[in-house]
Amino acid sequence: MGLPVCRSLEKKGKISSHKIMTGYMFWKYSTELGYRVGYNDRLSGHALRRGLGNGLEVAARQQIMGHHGTTDQVFQKYYACNTVGIDLPSLVRRRSQNQDYINFARCITFGRHTNAPAPPGSFINSPDQFVPSKEELARLELRYPGREKRDLVRVAKKEDIKRRREAFFADVEHHRTGESNASSQDANQI
């Protein structure tokens, strides 16, 4: 049974039959996965460990996470979720707490947006359709002299998706806080 769960990739994308994935590659793949599926926050090993810790009782958490001792200070300082685990609407209405609602609000999924822009080709049914303009390529050639065109196209793709994601999440934040671009523009004109 000594087969690693997270195995490394060999040449041409083949999964190794015995070699374990490095910590760096696990971080790289999990970060990229979180980015592609629409998380605003970075998905990382720490985020996975934090989520696991927040779902366990104190004794099990200390054993699994290796936090020895009688206190839970390490967990409380570095891992505990800072979202209060109380369903206030139910509390005000004198109803029982909706634990599913609390768990959802306290996990990373709460910050996931399935409509967030993803890199071209991220999904099976979405082909790689990004084609940078000639002007964009010329700008990048000045920034990165001597680079091959395929490298410049790759940089242009990354910059494009970064701009679109920043705009998307800025718009999400405006809606979340009740602000809008129109109201802030109107205030500037007064």
request  = Multiply the residue separation of Glu141 and Arg112 by 0.36 nm, subtract the distance between their alpha-carbon atoms, and state the gained length in nm to one decimal.
outcome  = 6.9 nm
message = Using a Förster radius of 30 Å, what is the FRET efficiency between Asn98 and Met25 based on their Cβ-Cβ separation? Nearest 0.05, please.
response = 0.15
task = Just check segment 1-84 against the gyration tensor rule for me: Cα atoms, a ≥ b ≥ c as the square roots of the eigenvalues, rounded for a/c under 1.5, and otherwise prolate or oblate depending on whether a/b exceeds b/c.
result = oblate
remark   = For the table Lys14/Lys77; Lys77/Lys158; Lys11/Lys134; Lys12/Lys149, the rows whose alpha-carbon distance is greater than 31 Å are Lys14/Lys77; Lys77/Lys158; Lys11/Lys134
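None of the figures in this text is laboratory data; all of them are computed from the coordinates on show. Small disclaimer: the values here were computed from a predicted structure and weren't measured. Cβ coordinates were reconstructed from backbone atoms using ideal geometry, including for glycine residues, and neighbour counts include every protein chain displayed.
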